[in-house]
1. Would you please give the residues with an amide H less than 5 Å from that of residue 60, counting only those at least 5 places away or on a separate chain, with H modeled from the backbone geometry?
2. If neighbour count is taken as other Cβ atoms inside 10 Å, put 196, 111, 168 in order from fewest to most.
3. Using the Cα centre of segment 62-196 as the reference point, and only Cβ charges (+1 on K/R, -1 on D/E), how large is the resulting charge dipole? Debye, rounded to the nearest 20.
4. Can you compute the radius of gyration and Dmax for segment 127-197, using only the Cα atoms, both in Å?
5. Sort 170, 145 by Cβ crowding within 10 Å, fewest neighbours at the top.
6. Going by how many other Cβ atoms sit within 10 Å of their own, how do 94, 164 line up, fewest first?
7. Compute and list, largest first, the equivalent-ellipsoid semi-axes of segment 62-196 from the alpha carbon gyration tensor, each √(5λ) rounded to a whole angstrom.
Amino acid sequence: MRLRLYVLNAILILGLSAAVAQAQAKGAQKGTGQKKQGQQTVRGSGQGSGAMERDRDRIQMTGRQHRQLQACDRSADQIRRRAGKLAKGASGRDFDPAGARKERDGLREQVRTMEQEHERLMQGMSPEQQQMLQSRIRNMNEVRERLHKTMAGIDGDLERPSPDGKRVAEKAREMERLSKEWRKHYREIQSSAVTVP
C-alpha cells in the first residue's frame, strides 16, 4: 500500500515538473517574439524618420508653384523652337533677311513671355525658398544675361544693310543652347522639390 502511494506521488511530481517546464518554454518564446517585433518597429520608425529628414532637405513647393514651374519650362522650350527655326532659315542658301527679322520679332516676344513667367515664379516664392535656391537663381540670372546679350547681337546683325546669314544662324544656335540650359535649371528645381498642400 505504501509502495503504491509512493509511486503515485512520484508520477504527480513528474507531471507537475513537465507542465512547469513547458509553460516556461512558451513564455521564453513569446518574450523573444515580442523583442523581435519591437526591434522591427524601431527599425521601421527609424526608416520613416530618415525619409522625413530627406523631405526637409528638399525645397517644399505648393501645387501652384509646381504649375508655374511647368509654365516657365514651356516658355523656355518655345524660345528653343523659335531660335532653332531662325538658325535653320538663316543658314540656308536662300537667306531672306525680311523673313529672318520676322522670326527675330517672334523670338523676342517669346523671350519677353519667358521673363514674365519667371518673374511670376520668383514673386510666388517665400524668402526661405529663395534662400534655398540662391545658387541656382544666381546661375539662371547669368544665363539670362547671356541670352539678352545674344538677342542684342541678332538685332545688330539683322539691322545691317546686308545681313550675314551665317552670323545670324550662329547667334540663333547660341540662343537655342542657352534656352536648353535655362530649361535644365527649371527641371532640376522640379526634381529637387517636394509638393506640400
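1. Sorted by chain and number, the residues that satisfy this are 194.
2. Starting with the residue having the fewest Cβ neighbours, the order is 196, 111, 168.
3. Using Cβ point charges on Lys, Arg, Asp and Glu, segment 62-196 gives about 320 debye.
4. In order Rg, Dmax, the Cα atoms of segment 127-197 give 16.6, 57 Å.
5. Exposure proxy ranking, most exposed first: 145, 170.
6. 94, 164
7. 33, 13, 11
Read the figures in this text as sums done on the coordinates, not as results from a lab. All values reported here derive from a predicted model rather than from experimental measurement. Heads up, the Cβs are rebuilt from the backbone with ideal geometry, glycines too, and the neighbour counts pull from every protein chain shown.
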